[in-house]
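Student: Before anything else, here's the structure in question.
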Amino acid sequence: MNRLTKKIDLFCYRHPNFGIPNMMLYIVAGNLIVRLLASMDSTNTLYSLLLFSPYHLFRGEVWRLFTFVFVSNQNGLWLLLFLYLYYWIGTSLEREWGQARFTLYYLSGMLLTVIYGIIVYFLAGGAEAAARTGGILFTADYINLSLFFAFATLFPDMQLLLFFFIPVKIKWIALINAAFFLLSILQGIVAGYWFISLLPLVAMLNYLIFCYDELRRALAPYLRKKPRKTVDFKKEAQKFRKKQAKKNYGKMCEVCGKTDVDYPDLEFRYCSKCEGIHCFCIDHINNHIHFKE
C-alpha cells in the first residue's frame, strides 16, 4: 500500500491540474437533475438507462460506465441530506488533497466498481443468466459513502451537526457508516445476493488504497504498546552520515525525490518534527506527513 500511495502522491505532484475542479458539485447536481426527471417518469426508464449494468455494457451502452454516479438509492429528504453531506465532505477532501488526488480517488472507485461488476457478471452466468434476470445493476452509493471514512481519517474530531442541531464527531459517524457497510454485506449474504453484498468491500478497498498510511498514523497512538522513545540525535546523525557517504548526492526530498545533484539551485531543509533525520525540498518542508518510527 505504501509503495502505491507514493506513486499516487508523485503523480499528483507532477500533475496538480489533473481532473475536474469541484467535481463533487457536478455529481451532486447530476443526482438532483436525474431525480427530478425520474419523478416525472412512472416507469423508471431513466434509472434503468443510467445504472451500470455489465449486460447492457457489452451490448454497446458504454455511457453506463459514467452515468451510474448520477443515480442514488436514496429518496426524498434522505437524498437531499446525503447529497449535502457528499458535497460538503467531497469539497473538503478536494481542498485538503488537491484536485488531482480527489479526482483519482473517485475515478478509482468507479473503475473498481466496474471491474467488480464485470467479474460478477461472468461468475453469475454471463449473458444467458442476465437475459433472464435483467442483469445486475450498480450505483455509486458506496463510493460516496466511503468519502466519510476518508474524511474521518483526516479530521476525526471535527464535529458535524447531525440533523442540523446534534453535534457529533465525524469519527463516530464513520463508525455508524462502517456498521451500515457490515449490515449491507450480511443482508446480501442472507438474501442470497452475494454478488451485490460484497460491493461495500470494493469501496473500502479504494479507501485503503488512498488512506492506508493516514489510517495507520491515526490509529498508532491507540495501538502503540511501548512508550514513545526519545530520539538520539547524535546516533541518528552518525547513521545519516554513513548513509549519505554511499550516495552520489547530498540531499534528497522524501516526497518528490528531487536531489541537490539534479536541482543544484533548489533549497533543501530538515524537518525537526519528524522522528529521525528526513530531508525535504522547499516545496514540501511545510507540506508533508511527519515520519513516525
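Student: Return the FRET efficiency for the residue pair PHE291, LEU183: r is the Cβ-Cβ distance, R0 is 25 Å, and the value is rounded to the nearest 0.05. Could the numbers behind the result be given before it?
Tutor: Values: r = 38 Å, r/R0 = 1.51.
E(calc), rounded to 0.05, equals 0.10.
Student: Pop a pseudo-label 7 angstrom from the Cα along the beta-carbon direction at both ASN17 and THR5 and give the gap in nm to one decimal.
Tutor: Going by the 7 Å Cα→Cβ label model, 2.9 nm.
Student: Given contacts defined as C-alpha pairs under 8 Å and at least six residues apart, what's the relative contact order of the chain, whole-number percent?
Tutor: Details: 306 pairs, mean separation 48.9, N = 293.
Relative contact order here is 17 percent.
Student: How big is the Cα convex hull of the chain in projection, averaged over all directions, in nm²? Can you show the working numbers first?
Tutor: On the way: hull surface 80.4 nm².
Mean shadow area of the hull around the Cα atoms is 20.1 nm².
Student: Let me ask you something else. Which of these, ASN22, ASN144, ASN206, has the largest mean-square fluctuation under a Gaussian network model of the chain (Cα springs below 10 Å)?
Tutor: Judging by the Gaussian network model, the answer is ASN22.
Student: Only residues of the stretch 87-117 count here: report those whose backbone N is under 16 Å from the spot 7 Å along Cα→Cβ of ALA29, or say none.
Tutor: Answer for the stretch 87-117: 87-88, 91.
Just so you know, all these numbers are worked out from the coordinates, no wet-lab data involved. Small disclaimer: the values here were computed from a predicted structure and weren't measured. Methodologically, a virtual Cβ is constructed for each residue, glycine included, from the backbone with ideal geometry; neighbour enumeration extends over all protein chains shown.
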